[in-house]
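See below for the structure under consideration.
The values are calculated or read from the model by the stated rules, or taken from the named source; none is laboratory data. On a predicted model such as this, the values are computed, not experimentally measured, just so you know. Cβ: placed from backbone, ideal geometry, glycine included. Neighbour counts: every protein chain shown.
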Amino acid sequence: MSAIDNLPPLREVIAAHQLSARKSLGQNFLLDLNLTAKIARQAGDLSDCDVLEIGPGPGGLTRGLLSEGARKVVAVEKDTRCIAALNDIATAYPGRLEVINGDALEIDPLAHLTPPIRIAANLPYNVGTELLVRWLTPPEWPPFWQSLTLMFQREVADRIVAQPGSKAYGRLAILAQWRAEARIAMSLPPGAFTPPPKVSSAVVHLTAMPEPRYPADPATLSRVVAAAFNQRRKMLRASLKGVAPDIEDRLLAAGIQPTERAEQVPLEAFCALAREVKKG
Ligand code: SAM
């Protein structure tokens, strides 16, 4: 029995189901159930929420989410080898875990979830970043989720919470901070994982705000920010030349010096610029 439930320790689960970690699936497992319960607690009060978990693997975080009281967990795992182990967890928590064998980038699990919904995941970083961008850029706001609790490489986590003037500041910081509160909730050394990755990791917690922090049209803001940071060393009047013919005037109207670089420009000013560009 493990420290948090009546199921076997994860090392035994992995041995019984022969779940040797595969690099191609970005598998670095968390085997300490006290740690996965701690990560689950970062997701907030789960008792009145459905939780979407992406990439449960052998189920360490899944068990953390369930033992911390999640109303229901819907877990999407690509690796078919893990499904039997996950079904054992579903049996131990009757009616509270639904396991879906599929690729999170391709399937839409929304039909399986009832609001309010929180999302939690320890994913390979490339899949995690792609899903994060999707979750941050839905056609409508507020999104279907209340909060995201996601493990990232430390460097990606730093980009999400970065402030103007820092090297990490860019498109991801703007996307994350425009309509969500983003903070680093936990830091984890490589040794927390089996096998250990080369770099440190961090859990980022994002809470969806009911309204964007500053008004702006999402598509225009996205276009402006992509162009600005695509050539981040250039002055904005050069990097944004293609965005509008009279971009210098629009920068000035938004309170931005045309000679500034994207790295120095706060979110509020990017939103003001997007409004000026949108005027047409
Ligand atoms: N959550 C487990 C844990 O913390 O021990 C496993 C973490 S491991 C870093 C990432 C998991 O995501 C693996 O189980 C892997 O098979 C799964 N995965 C990778 N790509 C995926 C995808 N596109 N859709 C769903 N699961 C995926």
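Residues checked against (1) near the ligand (Cβ under 10 Å from one of its atoms); (2) within 16 Å of the chain's Cα centre (by Cα); (3) in contact (Cβ under 8 Å) with a residue 40 or more places away in the chain; (4) assigned by the TED database to the domain that holds residue 200:
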position: 68; (1), (2), (3), (4): no, no, no, yes
position: 97; (1), (2), (3), (4): no, no, no, yes
position: 104; (1), (2), (3), (4): yes, yes, yes, yes
position: 114; (1), (2), (3), (4): no, no, yes, yes
position: 120; (1), (2), (3), (4): yes, yes, yes, yes
position: 126; (1), (2), (3), (4): yes, yes, yes, yes
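For the range 128-160, the candidate set comprises residues that are of a type in the set (Asp, Glu) and under 13 Å from the mean Cα position of the chain (by Cα); within that set, the residue that is surrounded by the fewest Cβ atoms within 10 Å (Cβ to Cβ) is 130.
Picking from residues in the range 80-95 that are of a type in the set (Val, Ile, Thr) and more than 10 Å from the ligand (Cβ to nearest atom), the one that is surrounded by the fewest Cβ atoms within 10 Å (Cβ to Cβ) is 91. The residues on offer are 34, 28, and the sole one that is over 27 Å from residue 103 (Cβ atoms) and either not assigned by the TED database to the domain that holds residue 101 or not acidic (Asp, Glu) (or both) is 34.
Is it true that residue 52 is touching a Gly at 6+ places or on another chain (Cβ under 7 Å) and at pLDDT 95 or above? So residue 52 fails the test. What residue, among those in the range 145-169 that are within 16 Å of the ligand (Cβ to nearest atom) and part of a strand (DSSP E or B), is nearest to residue 208 (Cα to Cα)? Filtering the range 145-169 for residues that are within 16 Å of the ligand (Cβ to nearest atom) and part of a strand (DSSP E or B), the one nearest to residue 208 (Cα to Cα) comes out as 148. Can you confirm whether residue 204 is in the same structural domain as residue 131 (by the TED database), under 30 Å from residue 27 (Cα atoms), aliphatic (A, V, I, L, M) and assigned to a loop (DSSP other than H, G, I, E, B)? For residue 204, the condition - in the same structural domain as residue 131 (by the TED database), under 30 Å from residue 27 (Cα atoms), aliphatic (A, V, I, L, M) and assigned to a loop (DSSP other than H, G, I, E, B) - is not met. Inside the range 27-63, residues that are assigned to a loop (DSSP other than H, G, I, E, B) and within 12 Å of the ligand (Cβ to nearest atom) make up a count of 9.
From the list 77, 68, 106, the one residue that fits, being out of contact with any Phe, Trp or Tyr (no Cβ under 8 Å at 6 or more places or on another chain), modelled with pLDDT of 95 or more, surrounded by fewer than 24 Cβ atoms within 10 Å (Cβ to Cβ) and within 19 Å of residue 31 (Cβ to Cβ), is 68. Any idea which residue in the range 179-225 is surrounded by the fewest Cβ atoms within 10 Å (Cβ to Cβ), counting only those that are farther than 23 Å from residue 269 by Cβ and among the polar types (S, T, N, Q)? So, considering only residues that are farther than 23 Å from residue 269 by Cβ and among the polar types (S, T, N, Q), the one surrounded by the fewest Cβ atoms within 10 Å (Cβ to Cβ) is 187. Taken as a whole, the structure places residue 163 among residues that are under 16 Å from residue 271 (Cα atoms), in the same structural domain as residue 57 (by the TED database) and either surrounded by fewer than 17 Cβ atoms within 10 Å (Cβ to Cβ) or free of Cβ contacts under 8 Å to residues at least 40 places away in the same chain (or both).
Only residues that are in a helix (DSSP H, G or I) and either out of contact with any Lys or Arg (no Cβ under 9 Å at 6 or more places or on another chain) or assigned by the TED database to the domain that holds residue 178 (or both) were counted across the range 231-252, and they come to 4. Of the residues that make up the range 175-189, is at least one under 30 Å from residue 19 (Cβ atoms) and either in a loop (DSSP other than H, G, I, E, B) or among the polar types (S, T, N, Q) (or both)? Taking every residue of the range 175-189 in turn, at least one turns out to be under 30 Å from residue 19 (Cβ atoms) and either in a loop (DSSP other than H, G, I, E, B) or among the polar types (S, T, N, Q) (or both). The set of residues from the range 12-26 being in a helix (DSSP H, G or I) and within 12 Å of the ligand (Cβ to nearest atom) comprises 13, 14, 23, 24, 25.
Using the structure shown, decide if residue 142 is out of contact with any strand residue (DSSP E or B) (no Cβ under 8 Å at 6 or more places or on another chain), part of a loop (DSSP other than H, G, I, E, B) and closer than 29 Å to residue 172 by Cβ.
When the stated conditions are applied, residue 142 does not pass them.
Cβ-Cβ contacts under 6 Å between residues 6 or more apart (or on different chains), taken from a first residue in the range 1-25 that is of a type in the set (Val, Ile, Thr) to a second residue that is within 14 Å of the ligand (Cβ to nearest atom), are listed as 4/33; 4/37; 13/58; 13/85; 14/58.
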